[in-house]
1. May I ask for the angle, rounded to the nearest 10°, between helix 109-141 and the longest principal axis of the chain, with both axes built from Cα atoms and the value confined to 0 to 90°?
2. What percent of all Cα-Cα pairs in the range 175-312 falls in each 10 Å bin, counting up from 0?
3. With labels modelled as points extended 7 Å from the Cα through the Cβ direction, what inter-label distance (nm, one decimal) is found for residue 29 paired with residue 78?
4. Could you give the angle, 0 to 90 degrees to the nearest 10, between helix 279-290's Cα long axis and the longest principal axis of the Cα atoms of the chain?
5. Averaging sequence separations of C-alpha pairs under 8 Å and six or more residues apart, then dividing by the length of the chain, give the relative contact order as a whole percent.
6. Among DSSP beta bridges whose residues both lie in the range 175-312, state the antiparallel percentage, nearest 5.
7. Just to be sure I understand: if I project the alpha-carbon convex hull of the chain onto a plane and average over all orientations, what area do I get in nm²?
8. Semi-axes of the range 4-104's equivalent ellipsoid from the Cα gyration tensor, sqrt of 5 times each eigenvalue, largest first, rounded to whole Å?
């Protein structure tokens, strides 16, 4: 390894961006392949590519003969930790050059944790979209109308979970999420989806800022999806217009009340919520219980009115 050509070749193939700076302007006299890939080549000054590594910092390394680390940002907006090491050429003589090496900047604890959360959230979102895509393919290949309908409803539920998940992780970090903003967006999207199918259905949403616990967002979103979806599909005769009203407002005694109501044909005779065996009603009842709320039907004429009181 005493052969300088071998050493230069080892340096050239090093994955660590490395350069040697000389002269009063600290111009680059040697840059390995990794450094050239970042844009620094022979004859260039270091601060032309990394402004944070200015002449003052380089001059301090030369004057004190002490190494220094500088946080810099390249043209690609990547952050790097730059190590500036004085080279004397042996002995205690003056500094003749500065060795420059770059390593990806290490994130601090909070930034690193936040990045991990974002990465996990992105993977969860991709997984949900993949499952939805698989169910869509299965829907297209199903010949039985009832089976196609079941797959379509499953896709809709997964879409609801995906949207609620995005709302959770798109909000500021913390234990509460504004469910009111989600509810307004979900109402507009449901209305657009049913309008695309030829149904003239209006969905009106009455809600102010509604901060709810993070863990409640997805169950609550699924309850709303089931109740609104049922009202849009079944409350009014095919081809006739109709409106579904959704409200999520605070109670005087604390907590919040979710109401989904319509002015349509009403529920079937003898309908009992506790004994309703459709999957949608089972989903709504199950998640209402998970949220420590109780779903009930209030009398109204005409139409149907579902009410859910929640402790938060």
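We did not get these values from a lab; they are worked out from the coordinates using the rules stated. Treat the numbers as computed from the prediction; the structure is a model and nothing was measured. Using ideal geometry, Cβ is built from the backbone for each residue, glycine included, and neighbour counts are taken over all protein chains shown.
1. Roughly 50 degrees, rounded to the nearest 10.
2. 12, 45, 35, 8, 0
3. 2.7
4. 70
5. On the way: 508 pairs, mean separation 29.7, N = 312.
Relative contact order comes out at 10 percent.
6. Numbers: 20 of 27 bridges.
The antiparallel proportion sits near 75 percent.
7. Numbers: hull surface 104.4 nm².
Value for the chain: 26.1 nm².
8. Working: eigenvalues 76, 62, 27 Å².
Values for the range 4-104, descending: 19, 18, 12 Å.
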